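Okay, so here's the structure we're looking at.
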Amino acid sequence: LAKQCGRNNYQFFDPEKDREAIANRELLQSIGLAIDGGELRLLYQPIVNMRLGGVEALETLVRWQHPQRGLLAPIEFLPAIEGTDLMRRLDRWVLREALVQQAAWVALGLSLRLHINVSAHSLQGLDFLRQVSDLIACHPEVEPRSIELEILETAALDDLDQVSAVISDGARLGISFALDDFGTGYSSLIYLRRLPAGTLKIDQTFVRNMLQDREDCNIVEGVIGMARAFGRAVIAEGVETLEHGTLLMRLGCDRAQGYGIARPMAAAQLQDWVNAYRQPSLWADWIRGIRP
Ligand code: C2E
Ligand code: MG
Ligand code: MG
Ligand code: MG
């Protein structure tokens with residue numbers, strides 16, 4: 001018993017763990033302050049139709065403009081708040097801010113579908129859909145159908161009944177849904193039937209490796225086939241090169257997002273980029289520019 005207590009005590013006073021816990025607590029506190037203090041920023045990454053050459057949508061991606069550490073990517077702060085109330089606050093901030101931006105774009109005549117990531121924890125909130133539709137209703141110029149909420153496939157599978165209810169109820173309110181990072185969960189036909197999201201987003205790890213790895217290519221092909229069988233749209237993430245784009249088009253996936261097309265950018269840069277890209281020949285030019 002004494003030995004056990006000793007061990008427990010040792011664990012309790014482990015200075016390394018203690019420091020981690022303090023750092024984590026400080027991070028949580030400062031994220032809370034950052035949300036309220038206006039330190040979060042939104043970037044937007046275009047989603048294009050490679051065959052038609054047009055921009056179809058934008059994905060909203062959050063950043064934290066940290067006063068000391070600079071611009072932080074989600075991986076540096078989202079894991080710490082996952083499953084906490086702060087995550088819900090962050091998602092709500094993103095929704096509110098993205099809708100203000102969408103309303104401004106619609107007023108300028110730029111009407112693209114806006115994708116917004118939402119965490120599993122937010123989806124589980126009892127009044128989640130009401131909050132979203134209330135926020136959309138604040139902007140009469142924004143059509144609910146132009147808002148597409150991205151849910152991780154893995155989060156959807158963790159709570160299939162609840163998430164499928166949110167998607168069907170949301171659809172009745174006119175809101176669209178996408179299953180994000182598709183292929184990293186179970187991706188079975190049975191699950192897909194119960195998740196009535198209109199769009200599947202193929203996870204970028206499969207797209208990135210599809211040129212060298214036969215099995216990743218098969219997964220990409222399989223997801224495209226599943227999407228077609230269920231009448232869902234499909235978007236490839238992580239399209240970095242011409243080769244990715246052409247292979248995807250050959251496999252039947254025309255919609256794409258990735259550094260090869262555009263990096264996530266600030267709202268102020270976006271309109272010029274979209275106007276320049278609109279010409280249907282530009283995708284072909286890009287392809288021609290890259291071809292040796
Ligand atoms: P995601 O939703 O799958 O977003 C795509 C991620 O891939 C983004 O990373 C984007 O910058 C990156 N990406 C796009 N094209 C390429 C490419 O060609 N190559 C590579 N290597 N990466 C590419 P980011 O912005 O760091 O976001 C990471 C994840 O954080 C997102 O993955 C999403 O799950 C989460 N996230 C981002 N913003 C939000 C938000 O506002 N709310 C919530 N709940 N989660 C968010
Ligand atoms: Mg996403
Ligand atoms: Mg994704
Ligand atoms: Mg991802």
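The values are calculated or read from the model by the stated rules, or taken from the named source; none is laboratory data. Computed from a predicted model, the values in this text were never measured in an experiment. For neighbour counting, all protein chains shown are included, and Cβ atoms are generated from backbone atoms with ideal geometry for every residue, glycine included. Only protein heavy atoms, including side chains, enter the accessible area calculation; ligands, DNA and RNA are left aside. Shrake-Rupley method; radii C 1.70, N 1.55, O 1.52, S 1.80 Å.
Assorted remarks:
- Test result for D134, without any contact (Cβ under 8 Å) to a residue 12 or more places away in the chain, away from ligand 4 (no atom under 16 Å from the Cβ) and under 21 Å from R96 (Cβ atoms): yes
- Of all residues in segment 240-268, those being within 16 Å of ligand 2 (Cβ to nearest atom), open to solvent by less than 40 Å² (accessible area, probe 1.4 Å) and without any contact (Cβ under 8 Å) to a residue 60 or more places away in the chain number 1.
- Residues satisfying the criterion are present in segment 186-199 (criterion: within 13 Å of ligand 2 (Cβ to nearest atom) and within 16 Å of the chain's Cα centre (by Cα)).
- Consider segment 213-264 and keep the residues that are among the acidic types (D, E) and modelled with pLDDT of 95 or more. The one that is nearest to ligand 1 (Cβ to nearest atom) is E237.
- Within segment 12-32, the residues that satisfy the criterion of being more than 29 Å from the chain's Cα centre (by Cα) and surrounded by 11 or more Cβ atoms within 10 Å (Cβ to Cβ) are D14, K17, D18.
- Enumeration of residues in segment 177-194 that are surrounded by fewer than 22 Cβ atoms within 10 Å (Cβ to Cβ) and away from ligand 4 (no atom under 16 Å from the Cβ): Y186, S188, L189, I190, Y191, R193, R194
- Residue match in segment 54-67 (condition: away from ligand 2 (no atom under 16 Å from the Cβ) and either without any contact (Cβ under 8 Å) to a residue 24 or more places away in the chain or closer than 23 Å to A233 by Cβ (or both)): yes
- Selection within segment 206-225 - buried (at least 16 other Cβ atoms within 10 Å of the Cβ) and either out of contact with any helix residue (DSSP H, G or I) (no Cβ under 7 Å at 6 or more places or on another chain) or not in a loop (DSSP other than H, G, I, E, B) (or both): F206, V207, R208, N209, D216, C217, I219, V220, E221, V223, I224
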